[in-house]
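Step one of this worksheet: look at the structure below.
The values are calculated or read from the model by the stated rules, or taken from the named source; none is laboratory data. Remember, it's a predicted structure, so these values are computed and weren't measured experimentally. We place every Cβ from the backbone using ideal geometry, glycine too, and count neighbours over all the protein chains shown. What goes into the accessible areas is simple: the full protein's heavy atoms, side chains included, and nothing from ligands, DNA or RNA. Shrake-Rupley method; radii C 1.70, N 1.55, O 1.52, S 1.80 Å.
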Amino acid sequence: MSELIKQACDKSYEAWKSFKNASYATRKSLLENIATEIENLGDELIQTAMEETNLPEARLSGERARTCNQLRVYGKHVTDGYWAAAYIDTAIPDRKPLPKADIRKINQSIGPVVVFGASNFPFAYSTAGGDTASALAAGSTVLLKAHPAHLKTSKLVAKAISKALENLNLSQDIFIHIEETDFSAGKALVQHPNVKGVGFTGSHTGGMALVKYAQEREEPIPVFSEMGSINPVVILHENYDDALQMKVAQLAGAITLGVGQFCTNPGLILMLDGPVLEGVAAQLSEAISKSGVGKMLHPGIEKAYLENYKTALSQKGVELIARSSDVDLPGMAVVAKTSSENFLSNPKLHQEVFGPYSIIVACKDLEDLLNVYEHMEGQLTSSIFVEPGRFEVQQVFVDVMSVKAGRIIVNGVPTGVEVCHSMVHGGPYPSTTDGRFTSVGQDAILRWVRPVSYQNFENEVLPDGLKNANPLNIPRLVNGVWTSEGL
Ligand code: NAP
């Protein structure tokens, strides 16, 4: 383990010992300050990210706004206090046959966490992205492993975080930027005894490597890896009419959005064989052929896309429907087609082709379609396109989708992940390593906390959230009733 990593983990742990007790208001101020300091970086940040990621200005400006909004949202969420799940069960000294003790419980930070910056979101899931923001909100210190594809961008954001810590007179070790760019650095971080949790967005191989490192530790720790999925879209329309055409136009846009480099990219379209499928395939073919060729994030992703798309197209029974370039170019959009039989018998076709690629699977009847869906692995999302009022068929699919997916969408595309309380950006393995949690939305904070019970305490020694007077003014479950009143 490099001396630098060791020192960073030790410093992070020391800083955590006091940051875990920082008031909710201080954590909120920190998150808001980071947002302001990121905005203060101005055009330099956008220009640097453009140079490093090939992403266009409008996308990056939007992503920066989303990132700053996320930071402020988590700030408000901390002081709102629901996440703390503060429960108070007061004593019943005269209970027979035995007295009941005063027991109170509240969520607290698990400790320092390592966050791996994601290549496809240089702001929103990187240095000051959702994992970092939710971890700081929870009272965890953060060791940020910068993604090598946008190191300069990451350094600029780290500078903004450092400034925010300085503005508030907080320890610089609450957030430590790790710039070493090889796997041994990531491994050393995950395996350091002072690290208590890991957040990751990226490839299945990378995400599972981190799980393995964590399991090799003397004390295993949770690894929250979001590893993407193929996000099936089930088209149940009985006619190729105007309503369906509008949805297919959205679908074509979702396949090519951001050169397909989203974990919610719709990579699979399931529908019945026949005239409706022919209409959809022809429309997608036209839209995809004209969609142009975008520049992908980095050479590694370009190479992987070309290899994966070629592998998919070379499988038995796979037919090319459309491509946006006559010659193989990274970033060209591709739509293919196969039968349900081929799909079911070939696991290679179930794998994510990270980029603007989607495959239509032609099914024989509804039973066959359901069977194909049921053979899918865990997914971040699953979508249904259906006419209004067809409740019975919707219900059948929703029932199986709620087992496989984190988010189910009716008559909408899976791209575009809203940051809100009700969002689930997660799902059963292999879309993530822990389908009980989300990495987007306020509940992402729950990955970084654990409940602690305080039994028989004098009021003065309790954490603020559990004190009789409720100085934090948070909602609490007192003897089974929700209230913000003091005791
Ligand atoms: P990646 O290869 O998974 O790498 C992401 C981060 O994890 C990097 O910082 C990398 O470390 C680290 N890492 C990966 N494997 C590791 C290992 N064995 N030990 C230690 N650290 C490891 O992802 P990427 O570079 O962003 O893109 C590659 C592929 O990932 C894409 O083609 C795509 O298929 C997939 N991807 C998926 C999503 C998604 O939405 N889930 C997002 C982005 C990419 P270093 O910094 O040391 O290289």
Using unit Cβ charges (K, R positive; D, E negative) and no other charged atoms, how large, in debye to the nearest 20, is the dipole of the chain about its Cα centre?
1180 debye
Taking Cα atoms only, helix 275-289 is inclined relative to the longest principal axis of the chain by an angle, in degrees rounded to 10, of 80 degrees
Given 145/187; 6/145; 316/348; 11/196; 163/187, the pairs whose alpha carbons are separated by over 19 Å
163/187
Using a 1.4 Å probe and ignoring any ligands, DNA or RNA, find the accessible area of residue 37 and quote it in Å² to the nearest 10.
30 Å²
I'd like the orientation of helix 3-19 relative to the chain: the angle between its Cα long axis and the longest Cα principal axis, in ° from 0 to 90, rounded to 10.
60 degrees
Under a plain spin-label model, where a point goes 7 Å from the Cα along Cα-to-Cβ, how far apart in nm are residue 166 and residue 455?
4.9 nm
Could you rank 345, 484 by how accessible they are, 1.4 Å probe, largest area first?
345, 484
When ligands, DNA and RNA are left out and all protein chains stay put, how many square angstrom of accessible area per residue does segment 232-410 have with a 1.4 Å probe?
42 Å²
Work out the length of the dipole vector of segment 232-410 about its Cα centre, built from +1 on the beta-carbon of each Lys and Arg and -1 on the beta-carbon of each Asp and Glu, and round it to the nearest 20 debye.
680 debye
Explain nothing, just the number: relative contact order of the chain, from Cα pairs under 8 Å at least 6 residues apart, as a whole percent.
18 percent
Take every DSSP beta bridge with both residues inside segment 232-410 and express the antiparallel ones as a percent of the total, to the nearest 5.
20 percent
Protein-only accessible surface order, largest first, of 413, 334, 396 at 1.4 Å
396, 413, 334
Put +1 on the Cβ of each Lys and Arg and -1 on the Cβ of each Asp and Glu in the chain; which of 292, 106, 410 then has its Cα farthest toward the positive end of the dipole?
106
On the full set of protein chains, 1.4 Å probe, figure out the accessible area of residue 163 and give it in Å² to the nearest 10.
90 Å²
If you count only protein heavy atoms and use a 1.4 Å probe, how large is the accessible surface of residue 13, to the nearest 10 Å²?
70 Å²
Relative contact order of segment 232-410: what whole-number percent is it, with Cα pairs under 8 angstrom and at least 6 residues apart?
28 percent
Can you give me the long-range amide H partners of residue 226? Hydrogens built in the peptide plane at 1.01 Å from N, cutoff under 5 Å, separation of 5 or more residues or another chain.
200, 201, 202
Carbon and sulfur atoms account, in whole percent of the 1.4 Å probe accessible area of the chain, for 53 percent
When the solvent-accessible surface of protein heavy atoms is calculated with a 1.4 angstrom probe, in what order do 352, 218 fall, highest first?
218, 352
Could you check the simple spin-label distance between residue 239 and residue 182, using points 7 Å along Cα→Cβ, in nm with one decimal?
6.5 nm
